[in-house]
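Taking it in order: structure first as structure tokens, then the write-up.
The values are calculated or read from the model by the stated rules, or taken from the named source; none is laboratory data. Computed from a prediction, not measured in an experiment: that's the story for all the values here. Quick reminder, even Gly has a Cβ in these numbers, built from the backbone with ideal geometry, and neighbours come from all protein chains shown.
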Amino acid sequence: MGQRRELTWAAAVQPLHNTTEGLAIVAPLAEHRIGWPRLLGLGMLAGAPAIAGAVVGAAVDNPTLSAALLGVGVGAVALVIVQVAAPLRDARTRRIVDPPVAVGIVAGLAVMYLTGLLVVG
């Protein structure tokens with residue numbers, strides 16, 4: 001019964017984590033304001049695969065398939081990093097990690113770590 005309670009807690013905290021993470025990634029790249037309906041729609045578009053992946057991942061009991069699905073997840077994360085990093089490059093220096101970006105990365109990692117502690121704890 002303890003595992004079910006932990007999974008329920010994880011399912012409740014994960015959307016909060018993903019929402020704040022997604023807004024933090026997209027906000028600096030936005031050129032204009034969008035309304036709440038569009039923001040919610042884009043959130044659903046971005047979040048639906050994560051929900052489906054969690055359901056499928058919880059049902060998989062095959063180590064080979066689990067490894068393959070984790071590989072797909074790692075590939076998706078790598079793609080997001082490449083896509084988000086390109087517009088952040090400084091046109092003059094071609095550097096990605098300027099001081100404000102470095103602070104944002106560290107802050108984001110800290111928030112993800114702390115929300116991860118909430119899920120485990």
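Give the residues of the stretch 92-107 that are under 17 Å from Val82 (Cα atoms) and in a helix (DSSP H, G or I), sorted by residue number.
Of everything in the stretch 92-107, those that are under 17 Å from Val82 (Cα atoms) and in a helix (DSSP H, G or I) turn out to be Val101, Ala102, Gly104, Ile105.
With under 18 Å from the mean Cα position of the chain (by Cα) and over 19 Å from Gly47 (Cβ atoms) as the only criterion, which of Val101, Val111, Val97, Val77 stands out?
One residue alone meets the criteria, Val101.
Conditions: (1) touching a Leu at 6+ places or on another chain (Cβ under 8 Å); (2) under 15 Å from Gln14 (Cα atoms). Val60 meets all but one. Number of the miss?
(2)
Report yes if Ala52 is surrounded by 10 or more Cβ atoms within 10 Å (Cβ to Cβ), under 24 Å from Thr115 (Cβ atoms) and at pLDDT 70 or above, otherwise no.
Judged against the criteria, Ala52 is a match.
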